[in-house]
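Undergrad: Have a look at this one before I ask anything.
What follows draws every value from the coordinates through simple rules; no lab data is involved. Source: prediction; values computed, not measured. Using ideal geometry, Cβ is built from the backbone for each residue, glycine included, and neighbour counts are taken over all protein chains shown.
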Amino acid sequence: MKHRILIADDEPDALKLLETRLLAVGYEVLKAADGLAALGRARKDAPALAILDVMMPEMSGLELCRALKGDPKTALMPIMLLTARNEEVDRVLGFEFGADDYVTKPFSPREVVLRVQALLRRQTPAPTTAGTVIRAGSIVIDRLALRVTVRNQSVDLTRTEFKLLSTLIESTGRVLTRDALLTAVWPTDSDIEIRTVDTHLRRLREKLGTAGRLIQTIRGFGYRIDEEVA
């Protein structure tokens, strides 16, 4: 089955360039020239991944990213942002809105395809010998169903938050450095700042409510899951 990729960009040349490259490697491509049109296509056609230009009419890529990550139907869909700006504040803002990757224009079509492939490989956690269900305190993760519950109540997480929480729980009791979390959760070739880990963990704790206290900050080292504080 072909993966369906949504591209949203108001620049026809960029849209055509990405479409041609993605079709050449076997993906099905959906296109939109503005944010609102892209939102409608994402909700209707359920793409496997979305590539969003930050500067678009009707709805910006950042607003669209936040809307998609806030919808349970599209929350786990990986999102790559395209932007003509390369300021750190823009990248951090994109990740705060739930983006999974970030590419600066002018971009290499080959690099974009490689990043798409990396994101799709990481979209579905593979079963391990430890089992498909893992838990810490009141948090339960079903890695096959891509579902997180706290005290039997479902919690809607983005794909990145899901992977981050899974990585921490798999290492319950052990301290994971920010570098270790970056390597485990984000593509190794992404230009992602170390503070991105802190941003995502802050949002993750908020979504987990009181169970977020299980994620302990170890100053000067990193983070760990501590079931004793449950």
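Undergrad: What are the trypsin sites (Lys or Arg not before Pro) within the stretch 25-109 that DSSP puts in a loop, where the Cβ has at most 14 other Cβ atoms within 10 Å?
TA: Numbers: sites: K31, R41, R43, K44, R66, K69, K73, R85, R91; in loops: K73, R85.
The qualifying sites are K73, R85.
Undergrad: Can you give the helix-only mean residue ellipticity at 222 nm for the chain, where every DSSP H stretch with n ≥ 4 adds -39500 (n - 2.57) and the sum goes over all residues, rounded to the nearest 500 deg cm²/dmol? Walk me through the numbers on the way to the answer.
TA: Details: 8 runs with 89 residues, N = 230.
Mean residue ellipticity at 222 nm (helix-derived): -12000 deg cm²/dmol.
Undergrad: Nearest 5 percent is fine: what portion of the DSSP beta bridges confined to the chain is antiparallel?
TA: Values: 17 of 34 bridges.
Once the DSSP bridges in the chain are tallied, antiparallel ones form about 50 percent.
Undergrad: Under 8 Å for C-alpha pairs, at least 6 residues apart: give me the relative contact order for the chain, rounded to a whole percent. Write down the numbers at each step before the final one.
TA: Details: 388 pairs, mean separation 33.3, N = 230.
It comes to 14 percent, rounded to a whole number.
Undergrad: What ranking do L64, L23 get, fewest neighbouring Cβ atoms within 10 angstrom at the top? Walk me through the numbers before you get to the answer.
TA: Details: L64 28, L23 13.
The order, fewest Cβ neighbours first, is L23, L64.
Undergrad: Let me ask another. Rounded to whole Å, give me the distance from the Cα center of the stretch 140-209 to that of the stretch 1-55.
TA: Distance between centres, Cα-based: 27 Å.
Undergrad: Cβ under 9 Å from F97's Cβ, F97 left aside: what net charge do those residues give with Lys, Arg +1 and Asp, Glu -1?
TA: 0
Undergrad: Skipping prolines and chain starts, which residues have an amide H placed within reach, meaning under 5 Å, of the one on V29, given they are 5 or more residues away or on another chain?
TA: Those qualifying (amide H under 5 Å, at least 5 residues apart or on another chain) are I5.
Undergrad: About its Cα centre, how strong a charge dipole does the chain have in debye, to the nearest 20, once Lys and Arg get +1 and Asp and Glu get -1 at the Cβ? Before the final figure, lay out each step's value.
TA: On the way: 34 positive and 32 negative charges, 168 e Å.
Result for the chain is approximately 800 debye, rounded to the nearest 20.
Undergrad: What size of dipole, in debye to the nearest 20, comes out for the stretch 4-121 about its Cα centre when the only charges are +1 on Lys and Arg C-beta atoms and -1 on Asp and Glu C-beta atoms? Display every interim value, and only then the final one.
TA: Values: 16 positive and 19 negative charges, 100 e Å.
The dipole of the stretch 4-121 has a size of about 480 debye.
Undergrad: Compute and list, largest first, the equivalent-ellipsoid semi-axes of the stretch 4-121 from the alpha carbon gyration tensor, each √(5λ) rounded to a whole angstrom.
TA: Details: eigenvalues 63, 55, 40 Å².
The answer is 18, 17, 14 Å, longest axis first.
Undergrad: Kindly state, to the nearest 0.05, the FRET efficiency for T104 paired with K207, given R0 = 35 Å and r defined as their beta-carbon distance. Write out the running numbers ahead of the final one.
TA: Working: r = 29 Å, r/R0 = 0.83.
The value I calculate is 0.75.
Undergrad: If you don't mind, there's one more thing I want to ask. Which is the longest part of the chain that has none of the GluC sites (Glu not before Pro) sitting in a DSSP loop with at most 16 other Cβ atoms within 10 Å?
TA: Values: sites that count: E58, E87, E193.
Here the longest run is 88-192.
Undergrad: Using only alpha-carbon positions, what ratio does the radius of gyration of the chain give when scaled by 2.2 N^0.38 Å? Numbers along the way, then the final one.
TA: Numbers: Rg = 17.7 Å, N = 230, 2.2 N^0.38 = 17.4 Å.
That works out to 1.02 for the chain.
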